[in-house]
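Working notes for the structure below.
The values are calculated or read from the model by the stated rules, or taken from the named source; none is laboratory data. Keep in mind that this is a model prediction, so the values were computed, not measured. Cβ coordinates were reconstructed from backbone atoms using ideal geometry, including for glycine residues, and neighbour counts include every protein chain displayed.
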Amino acid sequence: MGESMRVAYDVEELRRLRDGPGVQHPRFGDLLRPGSVRMGPAPVIAQTYGERSPYFVHLSVTGRCNARCVGCVNSSVTDTEAFATMPETDPERDARAILHLLDGRPERDVVVCYYGGEPLLRMDKIQSVMSFLDQAGGPFRFQHLIYTNAMLLDRAIEQYPEMVKRASLFCVSVDGTAAQNNRVRPGTDLDVIHRNLGALANFGRGNVLAWSTLRESQSLADCLDEYAWLDREGLADCYFWHWVETGESFESLDRFMAAYERDLRRAMNWYVARLGEGRPLAFVHITELLLYLLTGKERGSSACGVEKARNFDIAGGVVHSCADLPPEFAIGRIEPDGTPVVREADLKSLVDYKDDLGCYEWAFMLTAAGVARCRRSQATRNV
Ligand code: SF4
C-alpha cells in the first residue's frame, strides 16, 4: 500500500468555518454549504467539439530565477534555497527518462513542459532536451511548451532561434498592467515583457498563453485590462487566471470577495459580448466549464488530474506527481542512465481537500434525493 500524502492546511479551521457561519454571500447565502455551486441543468447540446488528451510531462530546467514574485510557489512551498540549489536538468538523462515514462503508454502526442525557476536561464539545456527527443524518433509526436516570465525572450530569439521555433506554446505570466505587475513580480518589467512578446510575434512564434496569479492585494480587473491590451495588439492568444497558494490568511475576505465578484461580472460581460460578435475570448478555464456544462460532460478528476498518476514531473533528478509540490513529496528518482524508479504512492489523498470542503456531501444528497424520488414514484404506482 502506498504512502499517504496530504497537502498542509488547517482542517480544523476549515471545519470550524463550515460548522459556524460559513462564508456568507449577500445573495447566495453560505458559499461553503454543500450544493452552493452546482453544474446544471441537464445537457443541452451534443458534444461536437474535439478534445485532445496528450501525455504531459513537466521538466524543471532550473530552480534559479531572475524574478522574486510575491508568494512564488517555488519559495512558498518550501525554503527558497532548496529550489535555488535544486540540480539543473541533465538533458540526456532526463530526455531518456521521458522516453522511459512513455514506454507502453497508448498516447502518441506528448507535450513536454519546461518549467522552473525561469527555464530560459538555461536555454542551452532546453535545446538539448528538444534535440534529443526529436532525434530519438519512435512513434511519438513531441510538442514543446515553455513557461516563462518573458524577460529573456529577446535573448532566446537571438541566441536559440531553433529552440524558439520548436516551442509550440509559451505560457507567459503577466499579473496586471505595469503598476500592479511590477509590484507583485519584482525583477520583471512589463515594458520589457511587451517588447519581448512583440519580438516573438515578429519572429513568427508559436502560441502565447498569458496567465495571471491573483493575490489579495491585486485586482482581477487590472489583469483583464492587461489581457485586453495583449489581445488587441495580437501578442497573446489565450488567457486564464488562478490564485496564489499561500498559508497566509486574507486581511479581509469579504472585501476581496466583493471586488472579485464585481470584476468577474465584468470578465463575463466581456466574454459574452465577444461571443456575440463571433470572436470568442479564449479564457481557457471559462470555456472548458461552459462546454462541460452545455454537454453534461464530467471531468471525473481534479483539473490537473494530479491524483490519476498519469503525468509526472521531473525536477532535479527526482520524480514528482506535480511540479509545484515540495521536494519531500517526491515519488521517485531518475537513475544516471535515465531509468525512472517510481514508487507507488497514494496520490488520491492529494485531493482530500474535496472531502474536507464537503464536495461529496452534495453528490450524496443528489443521489439520496434521486432514490427518494424513485421510491415515491414506485409507491404511487403500487397504490
Ligand atoms: S518568475 Fe516564476 S519562478 Fe520566478 S519568482 Fe516569479 S513565479 Fe517564481
Report summary line: Picked from region 176-189 (must be touching a residue at least 60 places away in the same chain (Cβ under 8 Å) and in contact with a strand residue (DSSP E or B) (Cβ under 9 Å, 6 or more places away or on another chain)), the residue farthest from the ligand (Cβ to nearest atom) is Val184
Query raised in the report: What is the residue count in region 93-114 for residues that are within 16 Å of the ligand (Cβ to nearest atom) and either at pLDDT below 95 or closer than 16 Å to Tyr160 by Cβ (or both)?
Result: 1
Query raised in the report: Would you pick out the residues in region 233-253 that are assigned to a helix (DSSP H, G or I) and within 16 Å of Leu190 (Cα to Cα)?
Result: Glu233
Query raised in the report: Given Leu264, Leu281, Leu275, which one is part of a helix (DSSP H, G or I), over 30 Å from Asp103 (Cβ atoms) and under 20 Å from the mean Cα position of the chain (by Cα)?
Result: Leu264
Query raised in the report: within 16 Å of the ligand (Cβ to nearest atom), hydrophobic (A, V, I, L, M, F, W, C) and in contact (Cβ under 8 Å) with a residue 60 or more places away in the chain, is that true of Val192?
Result: no
Requested in this report: For residues that are under 27 Å from Glu288 (Cβ atoms) and surrounded by 13 or more Cβ atoms within 10 Å (Cβ to Cβ), scanning just region 10-29, find the one that is modelled with the highest pLDDT.
Outcome: His25
Query raised in the report: So Leu32 fits all but one of (1) more than 16 Å from the ligand (Cβ to nearest atom); (2) surrounded by fewer than 15 Cβ atoms within 10 Å (Cβ to Cβ); (3) at pLDDT below 85; what number is the exception?
Result: (2)
Report task. Check whether at least one residue in region 259-279 is of a type outside the set (Val, Ile, Thr) and more than 30 Å from Val44 (Cα to Cα), and report yes or no. Result -> yes
Query raised in the report: Of all residues in region 62-92, which are among the β-branched types (Val, Ile, Thr), at pLDDT 90 or above and within 11 Å of the ligand (Cβ to nearest atom)?
Result: Thr62, Val70
**Report entry** Selection from region 154-172 of residues that are out of contact with any Phe, Trp or Tyr (no Cβ under 6 Å at 6 or more places or on another chain) and closer than 21 Å to Leu224 by Cβ
**Finding:** Phe170, Val172
Report summary line: By residue number, the members of region 329-352 that are under 21 Å from the mean Cα position of the chain (by Cα) and free of Cβ contacts under 8 Å to residues at least 60 places away in the same chain are Ala330, Ile331, Lys348, Val351
Query raised in the report: Under 7 Å by Cβ, and 6 or more places apart or on different chains, what pairs join a residue from region 301-326 that is within 18 Å of Gly117 (Cβ to Cβ) and assigned to a loop (DSSP other than H, G, I, E, B) with one that is modelled with pLDDT of 80 or more and among the hydroxyl-bearing types (Ser, Thr, Tyr)?
Result: Gly316/Ser60; Ala323/Ser60; Ala323/Tyr115
Query raised in the report: Can you tell me which residue in region 292-305 is nearest to Cys359 (Cα to Cα), limited to those that are at pLDDT 80 or above and among the hydrophobic types (A, V, I, L, M, F, W, C)?
Result: Leu293
